[in-house]
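Accompanying notes for the structure given below.
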Amino acid sequence: MLLFQSILLGLLLGGLYALLASGLTLYFGIMRVVMIAHSAFLILAAYLAWWMHDRIGVDPLLSMVVTVPLFFAAGVGLQRLLLTRLRPATLTMMSVLLTFAIALTVEGLLGYAFTGTQRRVQLGYSSASFEIFGARIAVVKLIAFVLAVIALSGLYVLMKRTRFGWALRATIQHRDAARLLGIDTERVAGYGFGIGLATAAVGGTALSLDTTIYPSLHWHWIGPLMAIIVVGGLGSVPGAAAAAMVLGMAQSLLQIPMGTTWAQTVFYVALFATLAFRPQGFFGGRLAQRF
Amino acid sequence: MSLATHELRKAFGGVTALDGATVDFHPGKVNALIGPNGSGKTTYFNCVTGMIKPDSGRVTYKDRDLTGKAPHRIARAGLGRTFQLCRTFPRMTALENVLAAVPHGGLRSFRTRSDIERAMSWLTRLGIEHLARSEARDMSWGQQKLLELAGVLMAEPETVLLDEPAGGVNPALLDRIGTLIRELNAEGRTFVIVEHNMDLVMSISDHIVVFDRGRPIAEGPPSVIRSDERVLGAYLGV
Amino acid sequence: MPNASKRILVGTAIALLAAAILVFPSLAPNPYILSSGVLVLNYAVLATSWNFVGGFTGYISLGHGALAGLGGYATGLLVVKAGLPSFAALAVAALLVAALAVPLGMAALRVRGASFVIVSIALVLILLLVFQSWASFTGGSRGLVVPRPFDLSRPEHHRVFYYLFAVLLAIAVLAWWLIDRSRFGLGLKSIREDEDKAEALGTPTFAYKLIVFVVSAGFTALAGGLYALWFGDLDPVFQFSILTGSYLVLMALLGGVRNLFGPVAGAILVGTALEYFKVEYGDTPLHLVATGVLLALVVLFMPDGVLPAIGDLLKRLDRTKKSSIREVTAAELAEQRKAAV
Amino acid sequence: MPINSFRAISTATAVFALALGTAGCSGDDQGSSGSSDPIVVGISLPLTGDFSEPGKGVQEGYEAWAKVVNDKGGLLGRQVELKILDDQSNADRVVADYEQLIGKDQVDLVVGPFSTRLVVPSARVAEEYDMLFVEPAGAAKEVFEQGFKNLFYAAPAVANDHYNHLAEHILALPADQRPKTAAYAAMDDPFAQGTAYGLKEKLEAGGVKTVVNEVYPPNTTDFSGIAAKVAAAKADVLVGGSQYQDGVNLIVALQQLGYQPKLAAFSTAPTNPEFAKAIGNKTTGILSPTGYSQDAPYESNKEFVEKFKAQFGKAPEEDQANGYTTGQVVAAAVTAAGCAEQGECQKKLVDWLHSNKVDTVVGPLSWDQTGKPQGAHMIQQWVDNDIKIVLPADVKEADFVYPKPAW
């Protein structure tokens, strides 16, 4: 019963991880950039959802109407205005520093605007739940999960079924070759970043439904997310999604015998083990060998 | 027998870059590796020098198996290489660039008199000794090509692999590089050269290997290759 | 400039720097200023230690704060649990951390760039988790109290540790200088410039990176351990903070990673600024913003460091000097930068 | 690579200038205080960072105290001036702050910061400068195990004793009503854990079985895992060693799982003004220990509540009361010893507090040699949408509700 409950919770959590990790993978695939600020934007989106609910009274879900386009634009801007300025030779290192700096800035601004106090969206259905085979699922968690699944499916369709998706995949696989095929890789890269950041907007909204947020929360997300993309094989979106589900589930299940804190270490153990024994990751992704 | 490969294979995802490349290079000669774009020449170089691990096959040098060895071990075994788009250490001086090729010796100073003299003699021989104290990033393309070569030679390799030594250099420099290769070869060094400039290849090579689609399709002295129909076919796409 | 007079100048500069550091305690008007001096020196040692990896190989670690924290905790635990004398514990702790750096480095350095940064950040986060959770051993969030090594009044305590940090700084700088002029150092620098190329020239890049990472970890742990003995109270939240690592990066980048005294200058600059703004304006989350913006500016516009950039600028202004290729292109580079802005 | 001589020299010059500069500009701070000068009280508080909310509460308490004292003509005829620094909830900073207050600013008295984590390092600074250190927040037992001689905790009880009245009450229930099992979830924080474990020890000794014992890191946001365990164990008693938000999150997660304990006690969280709304107003029966009540009959309390409302336009909570109490304790010592400056005087203040009782807004306080107060907390319970004192019986405002209605 506890086991089944934990599996359900792990599944719900894994969905959110999968969505966020796929955004992170997208950046890496496009530009070989480890985007440390991804989770800072996640928290920013959650704050915006909270703020709109708290001050204007709209449902957090509606905040996506604003945050998704906003974040898309921010992503495009980030890529075109900042990252392209870095020297290609030191791009990987310097981009980490740059996005790290952005994360600090976002965290600081959040702290300045909203103070360090923990915030939580209070909804009429916050504590509502329903029963399924003896386990209970909270409504807000299910909404968050469904949101993640929809966003992921959307991403999948976009990548596999559209011309833009084809251009994006070509850019990820071989930038020079894509350019020879007449793809404007610069523009594609910018839009790719936009999409990545838009996933953070969706994720942040989902997050705001069920957890408390505070400015430095993003550090607790970026660690697991980085572990997930390495385990999944840097640059492989399906790999990241699979790794996210597996690790999310593992965390949830390990909480039973080990407790909350120790269960979190599963991400880092997986990260170190992957780098030490199988740096190309467990779910494909040949990019990892060189990075 | 010196450098040789046996059935070397390498695929990237679905694309086969090397498809069973079996080649013997002639020791003490200037060997050339030619072929159309995308025929796998650079991948071949990378597999031989350990920058890429082949999927299967073997690389041997003087009867030693070098397959899958780390690049620095292969370099120590006597194989020196240059890169397709010339690579130097941009924020180090020319002298330091050359000294970096000295087999490393812990905390001893890298500025020993004998090393500096040797490095300067290579810079002098390549005609860029006046730039010894300039950083590589401040040098012209041609100067950097010469600097890269000086660095490789400083390590005293018996076999030198050059990836497009003529790429992007002016005719005067081209002549100098050609002459230099012949001179160095006369001193006993084996060369393997990937090159698109057919005039250079035909004028300096003793032995030519032609690659197409990841494997050799013809080999022989320039006179033979010049008239080989398969080679023409590969280049013209017939 | 002829070599001999240049040497005299450099020598004078070092002597001045050393003198300034040495007389500081007698000039400090109160123990508070002295304790700030200790903090700044601690930062200077940490930034110099960071620079063994960051400056030589170009691998940027955001996790050195965690290595320092580990050094501090190891020292503290060895004193408290194993009953070692303070400074023996410090030495053993540094060795332990250096030993731990071997497997860490093997995981982080086998592949290039990004993984190293990921591992360095993960190190901070996992150590924070472990040291908080393993309360029975580390004291957890109750903290760990490290006994004072000497029975001194507080101002004297600060003075003694000020000199201890100064000695450690001298050793770290000396070690950096030794490596800088060695063949080993040249190999490391060639890795920074072009790792493939270095390897093709016969440099065992992995071994070199690993060795220098271990040396760096050792010095970082020494600084962390000395801090623990000085400060006395360790708390996982503050010992394993991601901010410490970012301050170190900022200091080193600001001062210039390719210079012997770059990180020291950066540490004095940033450390003093931190204290100053704290005292004058108190603290708001804006210090995070300032750190972030400063770091971004340095990364975007002056990746070689602010002091070196100023040096270049002055050199360019000084047109009476003989014109070398270097200067012409420095001018061109600056033009390009301007155009890019 | 040769060192660029220009750079080296400019660096050295900068350092030198800096050394001289800091030395020069700070030299004028050391004036000794004459009898008409104000008494400067140095305080470091977490006004930003993790503990900023309670930190600001304590600050208001101190400010209210200073105002009340000054309105009456000050201490020893001298006005009281507060010098408050922000430590960002950071131990490095809190030490630097007290270092600055004592060493550079030469304040006459120092009082404590907020949170146990910050009390221990700052108490050490005070100890090593031989300063009296009365503090409003270091309630965990570790604070009193460091061998500090100058430290006094200005509250009725240390964390482990907060639930004493509740434990007595539970164990005194008839056997058929007495709960059999208990679940504990505590934040990894010395204070929060101390409260929960104090109760745990006593209940275990009384035969109440512990079925879940979870510790979570301070920044945990996802409580579903812990909640799942607690719900699966169906414990009769739930004890949360919580601060504010984590307590709320745990309750919401438990509500989502449909878990209904017979008794639920949380430290700190239930007294927060926003608590009821945050858990959907299903508060009835939730318990919380408190060291302070606005309605407490102590003499100075009426004055405090009144003046505080006038100054801040709201009623004081426990944090504010703690700050105020700290001021009262220091004031009592200063008045009795007849002095307030660094040096010999501090020893007199310490000695006086060790052998005397002080009347405060939380009742009379006295301390043992380690500075530990000798009392217990009252227990409050949510009854009819208000939180009221239910234990001990002699000060109760409402009857103890048991078992707790569903939430």
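The values are calculated or read from the model by the stated rules, or taken from the named source; none is laboratory data. Just so it is clear, the model here is predicted, and its values are computed rather than measured. Glycine gets a Cβ as well: all are built from the backbone with ideal geometry, and neighbour counts include every protein chain shown. Just so you know, the surface numbers come from the protein's heavy atoms only, side chains and all, with ligands and any DNA or RNA stripped out. Shrake-Rupley method; radii C 1.70, N 1.55, O 1.52, S 1.80 Å.
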Output the number of residues of region D:101-111 satisfying the condition of being in a helix (DSSP H, G or I) and at pLDDT below 90. 2
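Name the one entry in A:V96, A:V76 that is farther than 18 Å from A:P215 by Cα, of a type outside the set (S, T, Y), over 13 Å from the mean Cα position of the chain (by Cα) and buried (at least 24 other Cβ atoms within 10 Å of the Cβ).
Details: A:V76 fails: buried (at least 24 other Cβ atoms within 10 Å of the Cβ).
Residue meeting the stated conditions: A:V96.
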So which helices (runs of 4 or more DSSP H) are wholly in region B:60-168 and hold at least 1 residues that are at the interface with chain C (Cβ under 7 Å from one of its Cβ atoms) and touching a Phe, Trp or Tyr at 6+ places or on another chain (Cβ under 6 Å)? B:94-99
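Kindly establish whether C:R159 is basic (K, R) and either facing chain B (nearest Cβ under 10 Å) or open to solvent by less than 20 Å² (accessible area, probe 1.4 Å) (or both). Reasoning before the result, please.
Numbers: basic (K, R): yes; either facing chain B (nearest Cβ under 10 Å) or open to solvent by less than 20 Å² (accessible area, probe 1.4 Å) (or both): no.
Here the answer is no, as C:R159 does not meet what is asked.
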For D:I286, are the conditions met, namely being within 9 Å of another protein chain (Cβ to nearest Cβ) and under 17 Å from D:D386 (Cα atoms)? no
Looking only at region D:354-391, count every residue that is farther than 19 Å from D:A139 by Cβ and in a loop (DSSP other than H, G, I, E, B) and tell me the total. 5
For region C:121-138: of the residues being surrounded by 21 or more Cβ atoms within 10 Å (Cβ to Cβ) and free of Cβ contacts under 8 Å to residues at least 12 places away in the same chain, which is farthest from the other protein chains (Cβ to nearest Cβ)? C:L129
Please identify the pairs in which a residue from region A:141-167 that is without any contact (Cβ under 8 Å) to a residue 40 or more places away in the chain has its Cβ atom under 6 Å from the Cβ atom of a residue that is crowded, with 19+ Cβ neighbours inside 10 Å and in a helix (DSSP H, G or I), counting only partners at least 6 apart or on another chain. A:G165/A:M159; A:A167/A:V188
B:G178: passes all of (1) outside any helix (DSSP H, G or I); (2) in contact with a helix residue (DSSP H, G or I) (Cβ under 6 Å, 6 or more places away or on another chain) but (1)
Looking at region D:188-200, I want the residues that are within 8 Å of another protein chain (Cβ to nearest Cβ) and have a partner that is hydroxyl-bearing (S, T, Y) with Cβ atoms under 6 Å, at least 6 apart or on another chain. Which pairs are those? D:D188/C:S141; D:D189/C:S141; D:P190/D:T116
Contact list, first residue from region B:113-142 and more than 21 Å from B:C86 (Cβ to Cβ), second anywhere and of a type in the set (S, T, N, Q) and open to solvent by 10 Å² or more (accessible area, probe 1.4 Å), beta-carbon distance below 7 Å, six or more apart or interchain, is none
Which of the residues that make up region C:20-65 are aliphatic (A, V, I, L, M) and without any contact (Cβ under 8 Å) to a residue 60 or more places away in the chain? C:A20, C:V23, C:L27, C:A28, C:I33
Residue list for region D:85-135, restricted to those being aliphatic (A, V, I, L, M), open to solvent by 10 Å² or more (accessible area, probe 1.4 Å) and more than 10 Å from chain C (Cβ to nearest Cβ): none
State the number of residues belonging to region C:141-156 that are open to solvent by 20 Å² or more (accessible area, probe 1.4 Å) and either assigned to a helix (DSSP H, G or I) or among the charged types (D, E, K, R) (or both). 5
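Which residues, taken from region D:313-335, are surrounded by fewer than 14 Cβ atoms within 10 Å (Cβ to Cβ) and either in a helix (DSSP H, G or I) or over 21 Å from the mean Cα position of the chain (by Cα) (or both)?
Quick first cut of region D:313-335, residues surrounded by fewer than 14 Cβ atoms within 10 Å (Cβ to Cβ) only: D:313-315, D:335.
Scanning region D:313-335 gives D:G313, D:T335.
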Positions within region D:240-262 being farther than 15 Å from A:T260 by Cβ, facing another protein chain (nearest Cβ under 8 Å) and either in contact (Cβ under 8 Å) with a residue 60 or more places away in the chain or over 17 Å from the mean Cα position of the chain (by Cα) (or both), in sequence order: D:Y244, D:V248, D:V252, D:Q255, D:Q256, D:L257, D:G258
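Report, by residue number, each residue of region B:10-30 that is out of contact with any Leu (no Cβ under 6 Å at 6 or more places or on another chain), more than 15 Å from B:I217 (Cα to Cα) and either not basic (K, R) or not in a loop (DSSP other than H, G, I, E, B) (or both).
At the first step, the residues of region B:10-30 found to be out of contact with any Leu (no Cβ under 6 Å at 6 or more places or on another chain) are B:11-17, B:19-20, B:22-24, B:26-30.
Applying the additional criterion that residues be more than 15 Å from B:I217 (Cα to Cα) yields B:11-16, B:26-30.
Once the filter is applied, which keeps residues that are out of contact with any Leu (no Cβ under 6 Å at 6 or more places or on another chain), more than 15 Å from B:I217 (Cα to Cα) and either not basic (K, R) or not in a loop (DSSP other than H, G, I, E, B) (or both), region B:10-30 yields B:A11, B:F12, B:G13, B:G14, B:V15, B:T16, B:H26, B:P27, B:G28, B:V30.
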Can you give me the number of residues within region B:143-155 that are open to solvent by 10 Å² or more (accessible area, probe 1.4 Å) and either outside the structural domain of B:R118 (by the TED database) or touching a Gly at 6+ places or on another chain (Cβ under 6 Å) (or both)? 1
